[in-house]
Each structure stands twice: as structure tokens, then as C-alpha cells.
Amino acid sequence: MAALDPTTRPRSTMTTFLAVLLALAAVFADEPARFLIARDPPRVTDAVLVLAGDPDYERTKSGASLVLAGEARLLILTGGEPGPGDSAESLRQVALGLGVPPESIRMEQVSRSTHESMLAVRPILEQEGVRTLAVVTSPYHQRRAVWAARRTLPGIEIVSRPADPASWKPAGWWKTRWNRKIVLGEYLKLTYYMLRGWA
């Protein structure tokens, strides 16, 4: 009877282990990016809040579509930075071009961050009697934005409505430098917001 090679079993075990590890990685690798996307079931709200940082106007188009579909009476736009997609006025021009009535649009034009946006819209929400608010931003930014809204705007029910369709997808996020920067950067920002008590 031939003697068993003592290295056969460990090598076979290691191969099986690596195969299982690779299979698990394939199944769960997208989860860190998917976690960033917070999505609530559609519902009618008093207003839609669109966050600046929208160079392709995906957020603005999604927010405008909710108002045009009768799912909200107001479109609130943010952004105190200059330039297309970063100023509330640039978002307003796109919304008007899509058919949103000017009387349905409100703006804050001082914020330069998500946290500042939430603080800046609070007087608008109080003045308009908003009790339910749909927050619209890019999918990767959605969880931080919603957590920030819920922390900063007590007494207002926040509904999470990420931009759809959106160019950013969670699948295979680790494959490109741009997507790795987005996802890892968002986790750093989310951690910072939580440490500051902003989310």
C-alpha cells in the first residue's frame, strides 16, 4: 500500500478554503457600497430636498420628477458654492427647464456641506409647515444625508429617495480608482459625521 503524501491533505484543504473565500468575496464584495444606499418605499411628502454637488443634475432631475408627479408640493434646492451643480440657482434653472413651476421652488444659497444644508433649510421647512421631507441625493451619499437630516431636523419625517436613474452603481465598486475613492471617502465622511454628532 503506497504511503500518503503528507502535503496532499493540507494543500487540498488550503485550495478548498481559498475557493470558499473567493466565493464569499464574490457574493459580499458589493455590500460596503450597497450599505451606503438608503431607500424608503415611495410616498407622498410635503417637500423634496435636493442636495447640491450635482454636476450631471441627476439629483435635480429625480427631485423635479417627484414634484411633477404630484408626490410633493415643494422642491427645495441647496447650494452656496459657485458653478454648475453646486449652486442652488443652477439647480433651479434645470428644474424650471423640466417644467417645475417657479412658485413650487425654494432655495437656500449659503451651504457648503451636507450638514450646512440641513441647518440652512430648517427655516424654510418651518415657514412652509413641512412635516414630511423626501431627501434626494446620489445613491452613495444617501445614507449620510438621511442620517444628517434625521439628526438635524427633529420633528420632520424624513423619506429617503436616492437619485434614480443614477450613473453610480455599487456593483464592482472596488474595480476602479474613482469608485474606490467615492466609497472609502464616504465611509470616512460618515464616520466624521457620527463623531461630530451630525448623523
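The values are calculated or read from the model by the stated rules, or taken from the named source; none is laboratory data. Owing to the predicted nature of the structure, the values given are computational and were not obtained by experimental measurement. FYI the Cβ positions are ideal-geometry reconstructions off the backbone, even for glycines, and counts take in every protein chain you see.
Quick check, is GLY83 at pLDDT 95 or above and assigned to a loop (DSSP other than H, G, I, E, B)? So GLY83 fails the test.
Residue-wise test of (1) within 20 Å of PRO55 (Cα to Cα); (2) touching a Ser or Thr at 6+ places or on another chain (Cβ under 7 Å); (3) modelled with pLDDT of 95 or more; (4) of a type in the set (A, V, I, L, M, F, W, C).
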| site | (1), (2), (3), (4) |
| --- | --- |
| LEU68 | no, no, yes, yes |
| ALA72 | no, yes, yes, yes |
| MET107 | yes, no, yes, yes |
| SER113 | yes, no, yes, no |
| PRO123 | no, no, yes, no |
| SER138 | yes, no, yes, no |
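Touching a Lys or Arg at 6+ places or on another chain (Cβ under 8 Å) and among the basic types (Lys, Arg): is that true of LYS189 in this structure? Taking the combined requirement at face value, the residue satisfies it. Quick check on SER111: is it within 18 Å of the chain's Cα centre (by Cα), within 21 Å of GLU71 (Cβ to Cβ) and of a type in the set (Gly, Ala, Ser)? No.
Filtering the stretch 125-141 down to residues that are among the polar types (S, T, N, Q) and within 30 Å of LEU184 (Cβ to Cβ), which residue is surrounded by the most Cβ atoms within 10 Å (Cβ to Cβ)? Top of the filtered list is THR137. Condition check: under 12 Å from the mean Cα position of the chain (by Cα), crowded, with 21+ Cβ neighbours inside 10 Å and either at pLDDT below 95 or in a loop (DSSP other than H, G, I, E, B) (or both). Does PRO162 satisfy that? Yes; evaluated as a whole, the condition is true for this residue. A Cβ distance below 7 Å, combined with a sequence gap of six or more or placement on separate chains, defines the contacts here; from the stretch 104-118, residues that are farther than 13 Å from ARG144 by Cβ reach residues that are assigned to a loop (DSSP other than H, G, I, E, B) and not aromatic (Phe, Trp, Tyr) in the pairs SER104/ARG73; GLU108/THR78; GLN109/GLY79; SER111/THR78; SER111/GLY79; ARG112/GLU81.
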